[in-house]
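J.: I'd like to ask you about the structure that follows.
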Amino acid sequence: MKNKNLKFLTSKIDSFSFKEGKLINQQYKIIRMLGSGLEGEVYLVEELHTKILRAIKFFKPHRNIKNKNAKLYSKKLHKLRNCQAILQYVSMGEMIYWGRQIFFLVSEYLEGDTLSKYLSKQKGKRIDSFQSILLLHSLVSGLQEVHAEKEYHGDLHLDNIIIERYGLGYNVKVLDMFYHGKSSSQDYKDDLCDVIRVFYDILGGKNHYNKHQDHVRFICAGLKKNLIIKRFKNMSFLKYYLENLKW
Ligand SMILES: Nc1ncnc2c1ncn2[C@@H]1O[C@H](COP(=O)(O)OP(=O)(O)O)[C@@H](O)[C@H]1O
Ligand SMILES: [Mg+2]
C-alpha cells in the first residue's frame, strides 16, 4: 500500500478533469474547461466573493517543477499589464490535489472566440482582404507594444488569439506566450513572421493566395521569412506600412 501511494505521489498528472461546481480553495467555483494542452488545463471559474468570471490555468506538476514555469509566465504577464492586447494577470495560487501541490495562474476571462473558431464560423472559413488587414493591424499594434517592453510573444497562432469584439475593426487579445529567457532579435523577427503567417491563414491560405491583390501578396511575401524581414524590418515598420496603404 505504501509503495502504491508513493508511486501515485510521483506519477504524472495527465488531466485534472475538474467537474462543474468544484470549489478551489473556497475562492473559485469551476464552471467549465476552456482548453487544455501539454502544460496544463484552463478553466472558466467564478470568483465566489464577487461573482466575477475569471480564467484559471492549472499547471501539471511535471511541467512546472518548483513552480518555475507558472512564476515566469506570471511575471511576464505582469510586466506587460499595460499592453492592451495582452491577457491581464490577476494572481497566482496553490492548492492540494490528491495530496499533490498544484500551482495555478488566475487571469481575466476573455469573452469571445479564438481566431480559429471565429474563422470556422465565416463563409469559406476565411475573411476578406479588407477585414484581414484590419485584424492584422490590431495584432501588429498590440505586438508593437510588447516589443517596446523588450518582450516577445513567441507562440502566435490562431488558437492563441482571442477576438473580443469585431465590427468596424477588431479588438484582439493574445495569450499563451512563450516565457523562457530573455528576448533576442531573432524572437522579434519570429513574431513578425508569425503575425504575417496568421494574416495569410485568415485570408484562406495557399488556395487563395494567387487571387489576392498586389498589396496583400506584398505583405505575405510568399511567407519567405528573409523577404518579410527585409521588407518590414520590425513591427513598427509593418504598422506604419498598414496605416499608409492606399486603397
Ligand atoms: N483567459 C482566457 N479566457 C478565455 N479563454 C481562454 C483563456 N485562457 C485560455 N483560454 C482558452 O484555452 C485554450 C488553451 O489555453 P492556453 O493558455 O493557450 O494553453 P495551452 O498551452 O494549452 O495552449 C486557449 O486556446 C483558449 O481557447
Ligand atoms: Mg495555446
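The values are calculated or read from the model by the stated rules, or taken from the named source; none is laboratory data. Predicted, not measured: the structure shown is a model, and the values here were computed from it. Cβ: placed from backbone, ideal geometry, glycine included. Neighbour counts: every protein chain shown. Protein only, heavy atoms only, side chains kept; ligands, DNA and RNA dropped before computing areas. Shrake-Rupley method; radii C 1.70, N 1.55, O 1.52, S 1.80 Å.
J.: Would you point out the residue of the stretch 144-171, among those that are touching a strand residue (DSSP E or B) at 6+ places or on another chain (Cβ under 6 Å) and aliphatic (A, V, I, L, M), that is farthest from ligand 2 (Cβ to nearest atom)?
T.: ILE163
J.: Looking at this structure, is GLU164 modelled with pLDDT of 95 or more, open to solvent by 30 Å² or more (accessible area, probe 1.4 Å) and within 14 Å of the chain's Cα centre (by Cα)?
T.: Judged against the criteria, GLU164 is a match.
J.: Can you list the helices (runs of 4 or more DSSP H) found entirely within the stretch 165-247 that contain at least 1 residues being under 30 Å from ASN67 (Cα atoms)?
T.: 185-202
J.: Checking the conditions here, which among LEU175, LEU192, LEU139 is of a type outside the set (Val, Ile, Thr) and more than 16 Å from ligand 1 (Cβ to nearest atom)?
T.: Of the residues listed, the single one that is of a type outside the set (Val, Ile, Thr) and more than 16 Å from ligand 1 (Cβ to nearest atom) is LEU192.
J.: A further question on this structure: Taking only pairs six or more apart or across chains, which ones have beta-carbon atoms under 9 Å, a first residue in the stretch 116-128 that is at pLDDT 95 or above, and a second residue that is in a helix (DSSP H, G or I) and of a type in the set (Asp, Glu)?
T.: SER116/ASP159; SER116/ASP201; LYS117/ASP159; LEU119/ASP201; ARG126/ASP201
J.: Working carefully through the options GLU108, GLU94, find the one that is in contact with a Leu (Cβ under 7 Å, 6 or more places away or on another chain) and acidic (Asp, Glu).
T.: GLU108
J.: Now for a separate question. Name the pairs whose Cβ atoms lie under 9 Å apart, with the first residue in the stretch 160-186 and farther than 26 Å from SER120 by Cα, the second within 13 Å of ligand 2 (Cβ to nearest atom) and open to solvent by less than 60 Å² (accessible area, probe 1.4 Å), and 6 or more positions between them or separate chains?
T.: Note: pairs meeting the criteria are TYR179/TYR73; TYR179/GLY154; HIS180/GLY154; SER183/GLY154.
J.: Scan GLU145, GLU151 and give me the residue that is more than 15 Å from ligand 1 (Cβ to nearest atom), touching a residue at least 40 places away in the same chain (Cβ under 8 Å), open to solvent by 20 Å² or more (accessible area, probe 1.4 Å) and farther than 16 Å from LYS75 by Cα.
T.: Result: GLU145 is the single residue among GLU145, GLU151 that is more than 15 Å from ligand 1 (Cβ to nearest atom), touching a residue at least 40 places away in the same chain (Cβ under 8 Å), open to solvent by 20 Å² or more (accessible area, probe 1.4 Å) and farther than 16 Å from LYS75 by Cα.
J.: Quick test of your reading of the structure: ALA221 fulfils all but one of (1) of a type in the set (Gly, Ala, Ser); (2) over 18 Å from CYS83 (Cβ atoms); (3) within 16 Å of ligand 2 (Cβ to nearest atom). Name the failing condition by number.
T.: (3)
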